[in-house]
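These notes concern the structure reproduced below.
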Amino acid sequence: MINYNRMIFELSNPGRIGYSLPKQRFTDYNVEALDKKYLRNAELLLPEVSELDCLRHFTNISNKNFGVENGFYPLGSCTMKYNPKINEEMAANKAFRSLHPLQPASTVQGALEVYYQLQEYLSTISGLHEFSLNPYAGAHGELVGLMIIKAYHEERKDFKRKKIIIPDSAHGTNPASTVVCGMDVVEIKSNSLGRVDLESLKAVLNDEVSGMMLTNPNTLGIFENDICEITKLIHEAGGLMYYDGANLNALLGKVRPGDMGFDVMHINLHKTFSTPHGGGGPGSGPVGVTEELAKYLPNPRVKKIDDYYFIENSGEALGQISSYFGNYLVALRAYAYIRTLGKENLKLVGPYATLNANYISNALKTAYDLPIPGYCMHEVVFNGLTNKDTDVRTLDIAKRLLDFGMHAPTIYFPLLFPQSIMIEPTETESKETIDDFINVMHKIAIEAKEDPDKLKQAPTKTPIRRTDEVFAAKMMIFSYKDYLEYIQNRG
Amino acid sequence: MFKYFPHTKADIDSMLETLNVTSIDELFKDIPQSVIFNSDYDVPSFMSESELRNHFAELGKKNQELTLFSGLGIYDHYQPAVIDAITSRQEFMTSYTPYQPEISQGTLQYIFEYQSMIQTLTGMEVSNASMYDGSTATAEACFMACAVTKRNKILISSTLNPNTANVIKTYLKYKDLVWDFIDEKSGVIDLEDLKTKLDKDVAGVVVQKTNLYGIIEGYDGFSELIKENKSLFIINADISTLGVLKSPKEDGADIACGDCQSLGMPPAFGGPTLGYLASEKTHVRKMPGRICGYTHDLEGKRAFVLTLQAREQHIRRSKANSNICSNQSLMALFVTVYLTLMGKNGLKEVNNLSYQGAHYLYDQLLKTKKFRDPFNQPFLKEFTLETMIPKETIQTAFLENGILGGISLDIYGEKYQGLINFSVTEKRTKAEIDKLLEIVEGLS
Amino acid sequence: MSKLVEGLYYSKSHEWVKPLEDDVVLVGITDFAQSELGDVVFVDLPEVGDTVSAEVEFGAVESVKAASDLIAPISGEILEVNDELVGEPELLNKDPYKNWLLKVKLENPDELSELLNIEEYEAFIK
């Protein structure tokens, strides 16, 4: 049914219903009794379908999607590992799902225990003192972490510290979060080995530096081996170190951000701790800090005295950044993951992810241009094909992979190379899957030389082919209403 | 071996051999020894699946499932079984942000359908693909107003839920933007006070309906006044109520935003939910978040793509208006499936049933003479009363009977002393409501 | 190979300036700029009566995959804005030299001498 092409609105038939609601029980009252000035006049363009119509529609469109269970998903920087089923079963438990966030603490001790224990586990895994699970996503965690850094300087009346140093290889969210937090970005160039250039770093250090944001391993999948020197330099300049946890998966079992000298960090539970990406969210971006900074963590906080968990709102906190406890059920899944793996298996995650990535790096470096030689961590970045004599670009390689039933890697990021292809296999992939991927990548490299048009035309086996993005941006059809107007105007 | 790691010893050996190393540790040789973590995490030992189930069963027993007469942003509406069946499909649940449209049409299409539904409910021209929650969506709406008007002050209605107001304040404070509160009068925003506070620095005015007290605010005259001042009118509306109440567009809004928890999501201890944000096309380039658009593929087949991406952080970096990267995509699917099943008639019926239950409870509570209505304003499914009996007495009696209700608004500050909240959805039966009333009868 | 036009002044941020008469100039983007951007889908321009300042952004051009700020090569008051581009931004791809963005009355005509001439700009984009 991959040719299914209806929109839900097109299945609508007036009078059909897909719900079953209780009988009216207080017929003395009617919402129509409200003063007309409060009532809606505008038409509602919602579908009217039966329950089975609804299920078929969404099942059919789901078949045009590619999930982790469909096949290899080597999307760099996204850590597309297996999302365990047992976590879903735990998150579906009514004893958690049906809790109202304003219930008294005495009635939600189990929920608070999960929240509190997860904070503790993240602390021991990251080597930082304390966590808040309230941030909703990685970028939200970055913003909250930067707020903590700003609050720290402002409390010391050091108001001129507004500069955040960010390497040019950083994720786009880093500079964007900095500006949203009312600070300024100072970008520094990477050196020829793809790492922070210490001289460039020294050159921008002064008493206006608020902190530095760093991903380690960086977005090239390379460990910043000068990390101790970097954190020392920033601390000596009076700044704080922010760890962007996007690539934390590589470090599980090997290195803790706190031990490298980081003061503040966020973790993407939807990457490292296996919670589903949900087609773009909900994620969860817990923020961790050193003991000195713990008082700034956002409200509400979950605390414990003896065996009793309670909720605290502190006046010293930076404020509130979420309505309640963040994406609670996402955190609960991460808790289930950590308890399932336990300390024994958690420490194998980074090593296995790294082994898989290096195996790919080694196998593809003849056909694909590996700009930074040496071992990588959990992901590897190539700069297009080794053979630069074809018209074939990274985009074409990515699209051709789809024809082989594999998801494309991340492309055109990091921005350091014009034809970046970023491959992250994760620890949940088997050698067979990776060997298949390697074979396909070699096949594509050969096709690039022998039959480049095949790549330019790819994909051809997917539910749709390449799309007209200029049309989308120009026509701005964002809703079914826009669509109907477009059809009408087109005649 | 462990169930999530497919690596056999033979696999590892053969991979290491290919790499010409003898151990995985050698791959980490770049890392300074001083930062290598050589001990164990302070995490318990691994659990089998049945042990984990038992563990969660124990944890679950420490929670108490209550009959919810509570609202304040999280409502206990009915969730059709179909929603879980669809949202738990791995094709939706485990996929990434739809960067490769050729293999993401499922996600992209439901986002388009979601946007269409938010569009029609709010009446605004364009909805984005969703935000984290209602409070952050409202904070982002404030940023958007500042970007559109190039001004730096936000006026916040005192009748906004303090949770939302607190999040707005945090966002504004750290971006070096300023705010002021508009007074309330008889439980609703005071137009006269707004008039005195609208000045040339005001980028946006934020109001909420139904408001903190559950009151349906009317906005006659607001939009004209705000437009004349070249500011934007931001309405935070409980989206479910828009099935019967005036849409933000009809109220003259420039930006509509709020939470969608009331559309098919469980209370979930507060999250995940979803924030919606919708506005007019003239402002679309200042809108935060992802937007899905309609197009076609090279064979002319209908297709959906993420569009106007040049606004976003991954392209604009420090020049982006928002740092948001994700949307609450799977929660948008909850909304889309819910609204598909309910249709316009179901949504009206949900509101009517909630209205009926809430008004019955309200009338009966007043009859006990133990409460009074300090406002006498219209409401829908949620209302606020002043209690003559101590709040602790009420809450304790309710909890003993497995009910959460009569939440005291003083959790938001001293000024709300004596005010308690009740919310009734279509899920509350007559028996449940009568039981609550019976408990109240016995109190003094 | 990018197209260049004789007699124009060029900026390092890839705008061109064409002097008309009485210190009035047209401002646009170069062929190099449009080809780097790809299909232009949106142009954000200021209003008539606004002023622009040299080296300060005055608007933006957006393609599907990129967005670029427009940096004023000169300072002055905006006399006219090319509204045609709002409806048909693709004109910038078709002929970036014919489809100017702004008509500006120069505040300081000496600023022109600080811009690049055709040879200098050609060398700059190589």
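The values are calculated or read from the model by the stated rules, or taken from the named source; none is laboratory data. In this text, all values refer to a predicted model and were calculated from it rather than measured experimentally. Methodologically, a virtual Cβ is constructed for each residue, glycine included, from the backbone with ideal geometry; neighbour enumeration extends over all protein chains shown. Ligands, DNA and RNA are stripped out before the accessible areas are found, and what is left, the full protein with its side chains, is counted by its heavy atoms. Shrake-Rupley method; radii C 1.70, N 1.55, O 1.52, S 1.80 Å.
A few comments on the model shown:
- Counting only residues at least eight positions apart within a chain, or on another chain, the aspartates and glutamates with an alpha carbon under 12 Å from that of A:LYS303 are A:GLU113, A:GLU120, A:GLU130, A:GLU312.
- Sorted largest first, the principal axis extents computed over the alpha-carbon atoms of chain A equal 76, 68, 45 Å.
- Distance between the pseudo-spin-label points of A:LYS365 and C:SER53 (7 Å out from Cα toward the beta carbon): 5.1 nm.
- Rough spin-label spacing in nm, given labels placed 7 Å along Cα→Cβ, for B:SER23 and B:THR8: 2.4
- Relative to the longest principal axis of the Cα atoms of chain B, the long axis of helix B:329-367 makes an angle of roughly 30 degrees.
- Trypsin sites (Lys or Arg not before Pro) restricted to the stretch B:346-410 and DSSP loop, no more than 15 other C-beta within 10 Å: B:LYS369
- Euclidean distance between Cα centres, the stretch C:97-126 to the stretch B:249-327, Å: 39
- Distances between placed amide hydrogens fall under 5 Å for A:ASN134 paired with A:VAL287, all partners being 5 or more residues away or on another chain.
- Site pair C:VAL24 and C:ASP83 shows an inter-label distance of 1.7 nm when each label is modelled 7 Å from Cα along Cα→Cβ.
- Percent of C-alpha pairs per 10 Å bin, chain B, short to long: 4, 18, 25, 23, 16, 8, 4, 1, 0
- Sulfur and carbon atoms: percent of accessible area, the stretch B:81-338 [1.4 Å]: 49
- Rg(Cα) / (2.2 N^0.38 Å) computed for the protein assembly as shown, rounded to two decimals: 0.93
- Helix-only mean residue ellipticity at 222 nm for chain B, each DSSP H run of n ≥ 4 adding -39500 (n - 2.57), per residue, nearest 500: -11500 deg cm²/dmol
- Annotation: amide H-H contacts under 5 Å for B:GLN208 (H modelled 1.01 Å from N, sequence separation of 5 or more, or interchain): B:ASN236.
- Listing of the stretch B:2-27 residues, each with accessible area lower by at least 50 Å² in the full protein assembly than in the chain alone (probe 1.4 Å): B:PHE2, B:TYR4, B:PHE5, B:PRO6, B:HIS7, B:MET15, B:LEU19, B:ILE24, B:LEU27
- Straight-distance candidates among the lysines for linking to B:LYS369, with alpha-carbon spacing under 20 Å and chain neighbours fewer than 8 residues away dropped: B:LYS391, B:LYS435.
- For the stretch A:356-411, the Cβ-based charge dipole about the Cα centre amounts to some 40 debye (Lys, Arg positive; Asp, Glu negative; other atoms uncharged).
- Threshold 40 Å², the stretch A:471-487 residues less accessible with all protein chains present than alone (1.4 Å probe): A:PHE471, A:ALA472, A:ALA473, A:LYS474, A:MET476, A:ILE477, A:PHE478, A:SER479, A:TYR483
- Angle between chain B longest axis and helix B:134-149 axis [Cα atoms, degrees, rounded to 10]: 90
- Within chain A, longest stretch free of exposed trypsin sites (Lys or Arg not before Pro) [DSSP loop, at most 14 other beta carbons within 10 Å]: A:190-364
- Considering the stretch B:81-338 at the alpha-carbon level, its Rg and Dmax are found to be 18.1, 61 Å.
- Exceeding the 23 Å Cα-Cα cut-off - candidates A:LYS474/B:LYS227; A:LYS189/B:LYS173; A:LYS399/C:LYS94; A:LYS81/B:LYS61; A:LYS254/B:LYS9: A:LYS474/B:LYS227; A:LYS189/B:LYS173; A:LYS399/C:LYS94; A:LYS81/B:LYS61
- Estimated buried accessible area (total), pair B and A, 1.4 Å, Å² to nearest 100: 17800
- Cross-link table B:LYS209/B:LYS249; A:LYS37/B:LYS430; B:LYS381/B:LYS430; A:LYS23/B:LYS430; A:LYS162/B:LYS319, entries beyond 18 Å C-alpha to C-alpha: A:LYS37/B:LYS430
- Selection from B:GLN395, B:PHE383, B:ILE411 lying farthest towards where the dipole of the stretch B:376-424 points positive, charges on Cβ: B:PHE383
- For A:ASN225 and B:SER88, the FRET efficiency from 1/(1 + (r/R0)^6), where r spans their Cβ atoms and R0 equals 51 Å, is about 0.75.
- Straight-line reach from A:LYS304: taking Cα to Cα under 16 Å and skipping same-chain neighbours fewer than 8 places apart, the lysines in range are A:LYS295, B:LYS62.
- Modelled FRET efficiency - R0 56 Å, A:ASP307 with B:THR196, Cβ distances, 0.05 increments: 0.60
- Cα-based helix-to-principal-axis angle, B:162-174 vs chain B, degrees rounded to 10: 60
- Karplus-derived 3J(HN,Hα), 6.51/-1.76/1.60, for each residue of the stretch A:267-276, Hz, glycine and proline x: 10, 8, 4, 6, 9, 5, 10, 6, 7, x
- Loop-located trypsin sites (Lys or Arg not before Pro) in the stretch B:146-190 (DSSP state other than H, G, I, E, B) with a sparse environment of at most 16 neighbouring Cβ atoms within 10 Å: B:LYS150.
- A:GLN24/B:LYS370 FRET efficiency (R0 30 Å; Cβ-Cβ; nearest 0.05): 0.60
- Annotation note: GluC sites (Glu not before Pro) in the stretch A:31-76 located in DSSP loop regions with a Cβ neighbour count of at most 11 within 10 Å are A:GLU43.
- Over the stretch C:15-109, accessible surface divided per residue gives 44 Å², non-protein components excluded, 1.4 Å probe.
- Net charge contributed by nearby residues that have their C-beta within less than 9 Å of A:LYS343 (K/R +1, D/E -1): -2
- Net lengthening on full extension, A:ASN13/A:ILE438 (0.36 nm per residue, minus Cα-Cα): 148.0 nm
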